[in-house]
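Report on the following structure.
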Amino acid sequence: MDDNSNTMRSRRIAMLIDGDNAQPSLIGNMLAEASKYGTVIIRRIYGDWTTANMNGWKETLNNFAVQPIQQFRYTVGKNATDSAMIIDAMDILYQGGVEGFCLVSSDSDYTRLATRIREKGFYVMGIGKKSTPRAFVNACDVFVFTENLLPESTHRQKTSESKKTNGGGASKEAEPPSEPLPLLKQAFDLAVQDDGWAFLGVMGTHLRQLDPSFDPRTYGYKQLSALVKAYTRVFDLKMGKKGDGTFNVYVRLKE
């Protein structure tokens, strides 16, 4: 796990933001989230800066050293931002210098881009709303919902409102299951060792493989260990001390 952590810290990432499909107020949170998976060395945001809807970004760009890329809308109703961002991504891909991409958008038009980048062996992280189409979510190695980057009080309010809306018959394409237990059991089955115990870190890796958008914060917990601990009727947890004095967490399925 230490080697994997070192690899993540040294991974150079290009963050490309679709300005029409992202929230200016969350730019700091998005950069912090991307920094968990590497160092963000390229920061670009795409949009038509002559339009009023991009005004919200202008104050934040200098603060976070994000480079604005101008793309005029040649036809009403058509989004030229997608094409500009995709072309830039492919240029960066073949120029080298990065090992991963962070695509910030909730638009399904980036599904093929994410797939193509992964085919070349690069890491792909996505950031977007819970309404992001599942195809785009699954095309990424990791996908983080912007709702999970909101302040905790705001997140609780949004979650409550979402439940009321969905109860009225509305549905979201990428809305995660309300009950994470089936996914936790699947991940445990993939991670379990001969002694019946599974290392929680390995479980976390398999959870991301099963569902790139899996995130304990979606279910109201900051850490995976806290989420698993909430199911004491299903799982046993134990701590194992490592040579450096830190602890590993292990999980076992109760009979």
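For this structure, a couple of remarks:
- Count - residues of the range 181-205 that are within 16 Å of residue 253 (Cα to Cα) and under 17 Å from the mean Cα position of the chain (by Cα): 1
- Residue pairs meeting the criteria (Cβ under 6 Å; at least 6 apart or on separate chains; first without any contact (Cβ under 8 Å) to a residue 40 or more places away in the chain and surrounded by fewer than 22 Cβ atoms within 10 Å (Cβ to Cβ), in the range 17-30; second part of a helix (DSSP H, G or I) and not polar (S, T, N, Q)): 24/56; 24/57
- From the options 83, 131, 106, residue that is open to solvent by 40 Å² or more (accessible area, probe 1.4 Å) and assigned to a loop (DSSP other than H, G, I, E, B): 131
- The range 187-209, subset in a helix (DSSP H, G or I) and among the charged types (D, E, K, R), residue most open to solvent (accessible area, probe 1.4 Å): 189
- Test for residue 136: is it open to solvent by less than 10 Å² (accessible area, probe 1.4 Å), assigned to a helix (DSSP H, G or I) and not basic (Lys, Arg): yes
- Residues being farther than 18 Å from residue 44 by Cβ, hydroxyl-bearing (Ser, Thr, Tyr) and either in contact with a helix residue (DSSP H, G or I) (Cβ under 8 Å, 6 or more places away or on another chain) or touching a residue at least 60 places away in the same chain (Cβ under 8 Å) (or both) - total across the range 102-146: 4
- Qualifying residue in the range 45-56 (condition: open to solvent by 60 Å² or more (accessible area, probe 1.4 Å), over 23 Å from residue 147 (Cβ atoms) and not hydrophobic (A, V, I, L, M, F, W, C)): yes
- Scoring residue 41 on the criteria (1) in contact (Cβ under 8 Å) with a residue 40 or more places away in the chain; (2) farther than 23 Å from residue 147 by Cα; (3) open to solvent by less than 70 Å² (accessible area, probe 1.4 Å) leaves a single failure, condition (3).
- Top-ranked residue in the range 205-248 [being of a type in the set (Ser, Thr, Tyr) and more than 29 Å from residue 127 (Cα to Cα); ranked as modelled with the lowest pLDDT]: 246
- Residue within the range 231-245 that is part of a helix (DSSP H, G or I) and either among the polar types (S, T, N, Q) or touching a helix residue (DSSP H, G or I) at 6+ places or on another chain (Cβ under 7 Å) (or both) present: no
- Options 241, 222: the member that is basic (Lys, Arg) and either under 30 Å from residue 146 (Cα atoms) or open to solvent by less than 20 Å² (accessible area, probe 1.4 Å) (or both): 222
The values are calculated or read from the model by the stated rules, or taken from the named source; none is laboratory data. In this text the structure is predicted, and so the values were computed from the model without any measurement. Counting neighbours? That spans all protein chains shown, and the Cβs are built from the backbone with ideal geometry, glycine included. We work out accessible area using only protein heavy atoms, side chains counted, and drop any ligands, DNA or RNA first. Shrake-Rupley method; radii C 1.70, N 1.55, O 1.52, S 1.80 Å.
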